[in-house]
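S.K.: Dropping the structure in here first, questions after.
The values are calculated or read from the model by the stated rules, or taken from the named source; none is laboratory data. All values derive from a computational prediction rather than experimental measurement. Cβ placement follows ideal geometry from the backbone for every residue including glycine, while neighbour counts extend to all protein chains displayed. In case anyone asks, the SASA skips ligands and DNA or RNA and just uses the protein heavy atoms, side chains included. Shrake-Rupley method; radii C 1.70, N 1.55, O 1.52, S 1.80 Å.
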Amino acid sequence: MKKYNLKKYDLIVIGTGSGMNYIGSILEENPDFKIAVIDKDEPGGICLTRGCIPSKLLLYPAELIRTIGTAQKFGIDVELKNVDFNYIMERMRSLISEDIGSIRIGLSSDPNVDYYHDVAEFVSAYTMKVGDKTITSKMIFLCTGSKTIIPKIKGLEEAGYLTSDTILEMAKLPASIAIIGGGYIAAEYGHFFSSMGSKVTIIGRNKQYIPEEEPEISMLAKRDMSGFMDIVTGYEVEEVQTTAVGKKKVTARGEGNKVDFIVDEILVASGRGPTHDILHPEIGGIETDAKGWIVVNEYLETTQPGVWAFGDANGKYLFKHVANFESRVVFNNAIMKKKIKIDYHAVPYAVFSYPEIASVGMGEKEALEKYGQTNLLIGFQKYEDTAKGHAMDVKDYFVKVILENNTRRILGAHIIGPYASILIQEVVNLMYTEQENPDPIIQGMHIHPALSEVVQKAFYSLVPPEHYHHLLGHMGLE
Ligand SMILES: Cc1cc2nc3c(=O)[nH]c(=O)nc-3n(C[C@H](O)[C@H](O)[C@H](O)COP(=O)(O)OP(=O)(O)OC[C@H]3O[C@@H](n4cnc5c(N)ncnc54)[C@H](O)[C@@H]3O)c2cc1C
């Protein structure tokens, strides 16, 4: 390496998603800092360019279509005449590219920032190659995100497939689509394509649909979403072939059966993994775990001092709000020289499917393992047993809360039903109070008749787990 080619920075940031969060504050604290910001893709990160934002721009029209579909039962006679798939896709693309454009301008016009639109690769500790440049810094933020993992399935490469990245370029709605994977991306895109008019088949390897959820929530989600698409769980896709008429034959095996699905397109949504193969963190003295995620300590520092990893890159929780939360911890620890530990006790997330699902904290299984059967209380409330839920005529959707009996500490909450992602926030906020108990929700007035009553009422009806399961049995969800 020629020394004169080595450009020195005070900070190198790889990834323009959450990596960008504190650039302004960092420069306020250190106006003389020179920062290198690197991204091989369009600036804005996965959330903006191919994750949360485009998917939600597509899912909102999908939600409208499903809502219109319920109008009849309220005496409203509507007819859905046409869904303009191209308009919906184009709207998504143009809104995204506006945002990408303004981020690019911001990055390119800051005199303290050198923006590299290229791949970064470690060549030694604290030093990396970016295109034909070699740059170095004693402080590096690795915010390199994650990528779709393509499973090794015979014939898949030859037949061709889509991913959550490539579907954003689609110009034509497929008449039928098989989604390989039964997790949250599959549930969301299954909802989207089915509402647009495609015949959707979701093929999940795990017996449980959306396996991260409480089993009763997964069961209810599968029951209701099966009204719009075929959901096959406990089946492993073994082979893909192209038929004589140019369709794709997907062969899956499970429960001793072999099933073929003939479809126009395949979407692979079977998991996400790290991007270490292009970054080569090991050359920079940075450890990765068995799967390739970057190992960090409780301050989010990697095994190489001064090198920090946050967001998907550390493989903890692959959500944008987690990445944002972690970026604040790293700003405080790396720049403000504090010692703040990361706290994951109340990580919320939502699946924007139809019905919507949201969760925070522990599931019942984990709570049982940690606190024992006799030290748990479960609160449960159905939407339909509140005035607003009744008015909306929703069936079986519910709020479940899990508390530690001795301390009355909220351990987790799980919701399936309309606006679950909004309703859960009340519980999330309580989990960030000192006591973490439900008193404010129990004592605070709740607007009547609003859906928030369903969350409050769940805390009124706390019972031991066995009573709760008895109740689930009556609902056919055991
Ligand atoms: C379809 C989909 C839907 C999603 N929906 C949601 C949702 O509703 N809510 C939610 O919270 N989360 C959602 N997520 C997850 C969310 O997008 C991620 O958790 C978030 O974007 C991670 O941010 P980050 O800062 O870790 O990485 P990002 O900054 O977003 O991405 C890392 C960037 O670094 C670049 N990069 C990686 N390696 C290198 C390298 N060596 N050199 C140069 N550049 C590199 C990548 O190309 C990428 O642009 C979704 C994800 C997907 C795929």
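S.K.: Those residues that are more than 7 Å from the ligand (Cβ to nearest atom) and in contact with a helix residue (DSSP H, G or I) (Cβ under 8 Å, 6 or more places away or on another chain), I need them from the range 32-56; list them, please.
M.R.: Correct list: Phe33, Ile35, Val37, Glu42, Pro43, Gly44, Leu48, Ile53, Pro54.
S.K.: For the condition part of a helix (DSSP H, G or I) and in contact with a strand residue (DSSP E or B) (Cβ under 7 Å, 6 or more places away or on another chain), what is the one hit in Gly24, Gly101, Gly19?
M.R.: Result of the check over Gly24, Gly101, Gly19: Gly19.
So that you can scan it fast, the table gives a plain yes or no per residue for (1) free of Cβ contacts under 8 Å to residues at least 40 places away in the same chain; (2) surrounded by fewer than 15 Cβ atoms within 10 Å (Cβ to Cβ):
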residue: Asp41; (1), (2): yes, no
residue: Leu48; (1), (2): no, no
residue: Ile53; (1), (2): no, no
residue: Ile68; (1), (2): yes, yes
residue: Gly75; (1), (2): yes, yes
residue: Asp84; (1), (2): yes, yes
residue: Ser94; (1), (2): yes, yes
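Table: residues versus (1) under 28 Å from Ile342 (Cα atoms); (2) crowded, with 16+ Cβ neighbours inside 10 Å.
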site: Val268; (1), (2): no, yes
site: Pro274; (1), (2): yes, yes
site: Glu282; (1), (2): yes, no
site: Ile286; (1), (2): yes, yes
site: Thr302; (1), (2): yes, yes
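S.K.: Within the bounds of the range 96-109, is there any residue that is open to solvent by less than 50 Å² (accessible area, probe 1.4 Å) and more than 30 Å from the chain's Cα centre (by Cα)?
M.R.: no
S.K.: Let me confirm something: among Gly75, Gly106, which residue is under 28 Å from Gly311 (Cα atoms) and not aliphatic (A, V, I, L, M)?
M.R.: Gly106
S.K.: Pull out all pairs, ordered by first then second residue, where Cβ-Cβ is under 8 Å, the residues are six or more apart or on different chains, the first lies in the range 460-478 and is under 17 Å from Gln373 (Cα atoms) and open to solvent by 30 Å² or more (accessible area, probe 1.4 Å), and the second is assigned to a helix (DSSP H, G or I) and among the polar types (S, T, N, Q).
M.R.: Pro464/Gln373; Pro464/Thr374; Glu466/Gln373
S.K.: Restricting to the range 305-317, name every residue that is surrounded by 19 or more Cβ atoms within 10 Å (Cβ to Cβ) and part of a loop (DSSP other than H, G, I, E, B).
M.R.: Phe310, Gly315, Lys316
S.K.: I've got another one for you. Return the pairs, sorted by first residue and then second, in which the second residue is open to solvent by less than 60 Å² (accessible area, probe 1.4 Å) and at pLDDT 95 or above, the first residue lies in the range 261-290 and is hydroxyl-bearing (Ser, Thr, Tyr), the beta carbons are less than 6 Å apart, and the residues are 6+ apart or on different chains.
M.R.: What qualifies is Ser270/Pro151; Ser270/Ile180; Ser270/Gly181; Thr275/Thr144; Thr288/Pro281; Thr288/Ile294.
S.K.: Could you say whether any residue in the range 171-179 is closer than 24 Å to Asp41 by Cβ and within 16 Å of the ligand (Cβ to nearest atom)?
M.R.: yes
S.K.: Mind checking which residues of the range 120-158 are closer than 30 Å to Glu238 by Cα, more than 10 Å from the ligand (Cβ to nearest atom) and crowded, with 18+ Cβ neighbours inside 10 Å?
M.R.: Those that are closer than 30 Å to Glu238 by Cα, more than 10 Å from the ligand (Cβ to nearest atom) and crowded, with 18+ Cβ neighbours inside 10 Å: Ile153, Leu156.
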